[in-house]
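What follows is one structure encoded as structure tokens, with my remarks underneath.
The values are calculated or read from the model by the stated rules, or taken from the named source; none is laboratory data. Predicted model only: the values in this text are computed from it and were never measured. Neighbour counts run over all protein chains shown; Cβ positions are idealised from the backbone, glycine included. Calculation scope for accessible area: heavy atoms of the full protein, side chains included, ligands and nucleic acids excluded. Shrake-Rupley method; radii C 1.70, N 1.55, O 1.52, S 1.80 Å.
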Amino acid sequence: MIEPRSGRTPEATWTIAGAAVASTILGTATGLAGLAREPGLCAAAAILSSFAFLRLCVASQRGNVASLVGVFCCFHILYGLSGPLAVMLGADLTPVFLGPYAPVQFLTCYGIATAGFSLGLSMTVIGDRSAPDTANRWRASPSALGATAVLVAFSSSVMEVVNVMRAGGPAILLEGKAAYQGAIADLGGTLPSDLTGSAAAALMGLAVGLGTSPRRRRARSHVIWFLLGLAPLLAAALILGRRGLVVNWIVSGLLGYSFAGPPVRLRRSFVAATAAVYLALGVVYANRSFVKLAIGGGDWLQVAKATVSPERILVALNPAANEFGAPFGNFSTYVQAGPQPLALGTTYVRSLILPIPRWVYPGPKPPQVGVEFRDRFFPLVAGQGSIAGTAYSSILEGYVNFGIAGLGLVYCILAIVLGRLERWRRTRPAPAFGVFYALLGSGVIAFHRSDFADSLVITAIFGGALAFAVWVVLEVLSFGAARTRPREQSDSLGVSRA
């Protein structure tokens, strides 16, 4: 069948429309069931709306799950359902969240947020008549992208080594994540090794996705050097149990790959690989307290036995027992305090102030929203250090500002913005924008467990700066390549994308 100019068949458009209607109706039904205090019906509607929401997000991106919309959908479901469903089934959250919990209220907000995002995404996608760029010529070759990825990967590890040495040397890593990040925060002027590592992963994904058959061997060599360059930073992340950072790199790489190459489909192999990565990183997270015992005591056998014990595996598999249950725990704590006056968007405005340096801002800067929330509701946690906290929640921030009804509007606006970015991905592909697009993946993930400033605003600013730096490097490499071979040969490195 010949596809229309927009690249989408009428059947695909009807599929998107049907999924959007189902997701919006079921999300609204979740909210209504929650307002009616029907926990069973509310939970059932939330689960059904999640399936419809996943169908909508994947179908709207032509089956590509490795997109900003796809990443948002997966983590929206994971963060939105893990905590309340676990509590409804009799489980507990981490000890910092003492309860009583508010699963019905949280699922009510989750349903309204799902309905709002579904409505905004359908408004952006169904009326889209833009054609994919089928004549684009990438000025950068896979080899140039791979070489840049290797350079950035080594740079990120050098940054991390400098951070570690400034914080007290390798021994600080054995003291745990809180001690290390607290020491780094107290020093100031920390080098952005984490985000630089994500940029390296994005570039490597672009190189592999853009690579053609004759250059596969060269791409493999770049991948090996990339892994070697990232190894010190990866080792530090695993010792500290920072699985979220590793997930950011994986997501950035997948987004870069699908940006320049074929889409990543939601097939059995992808689901199996995702489950394996989740289990492996869950084991790392659940047993990070054993690292010091293993390295300091040297009894690796006993540590290995404790790591694979049923109790530790259960902790690793239960998402509500880790950061995936934190948004629900924070929401429940806020609800316990009783009715609060609406912030009416002030937290989002304050998010725009956060990136301004203190020496430029007139007077004392207002505290970060998540820090203010921690100081008010978790004073004992605040006493553990400047970086200690319970994270935050996008659902909670929308609820704090505009209540349940306004939460749908917040997610509707976010869906329109992400939909626009997805359109630019198809119609204006370029390596620098690909890096920026892939780096936003980490911000989209953090959006569900952080405040707006700490997730999307900071990520967009640093991502834009890194994307500009990548553009400069690629322009230099492309200029050098153009001087050493004819223009026709340089143009042959371009890849047409449907």
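In segment 321-377, what residues are exposed (fewer than 12 other Cβ atoms within 10 Å of the Cβ), outside any helix (DSSP H, G or I) and within 26 Å of the chain's Cα centre (by Cα)? Break it down into steps so the answer makes sense when it comes.
Let us first name the residues in segment 321-377 that are exposed (fewer than 12 other Cβ atoms within 10 Å of the Cβ), namely 337-341, 352, 356-360, 362-364.
Subsequent filtering for residues that are outside any helix (DSSP H, G or I) retains 337-341, 356-360, 362-364.
Scanning segment 321-377 gives Ile356, Pro357.
For Ala115, indicate whether it is of a type in the set (Gly, Ala, Ser) and not in a loop (DSSP other than H, G, I, E, B). Walk me through how you get there before you give the answer.
Details: of a type in the set (Gly, Ala, Ser): yes; not in a loop (DSSP other than H, G, I, E, B): yes.
Answer is yes for this residue.
Cβ separations smaller than 6 Å between residues 6+ apart or across chains give the following pairs from segment 98-115 residues that are at pLDDT 95 or above to residues that are open to solvent by 20 Å² or more (accessible area, probe 1.4 Å) and hydroxyl-bearing (Ser, Thr, Tyr): Cys109/Tyr399; Ala115/Thr24; Ala115/Thr28.
Each row is one residue, and each column tells you yes or no for (1) modelled with pLDDT of 85 or more; (2) surrounded by fewer than 23 Cβ atoms within 10 Å (Cβ to Cβ); (3) closer than 22 Å to Ala207 by Cα; (4) in contact with a helix residue (DSSP H, G or I) (Cβ under 8 Å, 6 or more places away or on another chain).
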site	(1), (2), (3), (4)
Leu439	yes, no, yes, yes
Val444	yes, no, no, yes
Leu456	no, yes, no, yes
Gly463	no, no, yes, yes
Ala469	no, yes, yes, no
Phe479	no, yes, yes, no
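State yes or no: is Pro192 farther than 15 Å from Gly229 by Cβ and under 26 Å from the mean Cα position of the chain (by Cα)? Yes: the conditions hold for Pro192.
Within segment 162-183, the residues that satisfy the criterion of being touching a residue at least 60 places away in the same chain (Cβ under 8 Å) and under 28 Å from Ala438 (Cβ atoms) are Val164, Leu173, Lys177, Tyr180, Gln181. Residues in segment 1-47 that are at pLDDT below 90 and assigned to a loop (DSSP other than H, G, I, E, B): Met1, Ile2, Glu3, Pro4, Arg5, Ser6, Gly7, Arg8, Thr9. The residue of segment 252-263 that is nearest to Thr459 (Cα to Cα), among those that are modelled with pLDDT of 85 or more and open to solvent by less than 20 Å² (accessible area, probe 1.4 Å), is Ser252. Residues that are modelled with pLDDT of 90 or more, of a type in the set (Gly, Ala, Ser) and more than 20 Å from the chain's Cα centre (by Cα) were ranked within segment 200-234; the one that is nearest to Ala149 (Cα to Cα) is Gly229.
Of the residues Ser50, Ser82, only one is in a helix (DSSP H, G or I) and at pLDDT 95 or above; which?
Ser50
When segment 72-84 is filtered for residues that are of a type outside the set (Phe, Trp, Tyr) and crowded, with 24+ Cβ neighbours inside 10 Å, the ones remaining, listed by number, are Cys73, His76, Gly80, Gly83, Pro84.
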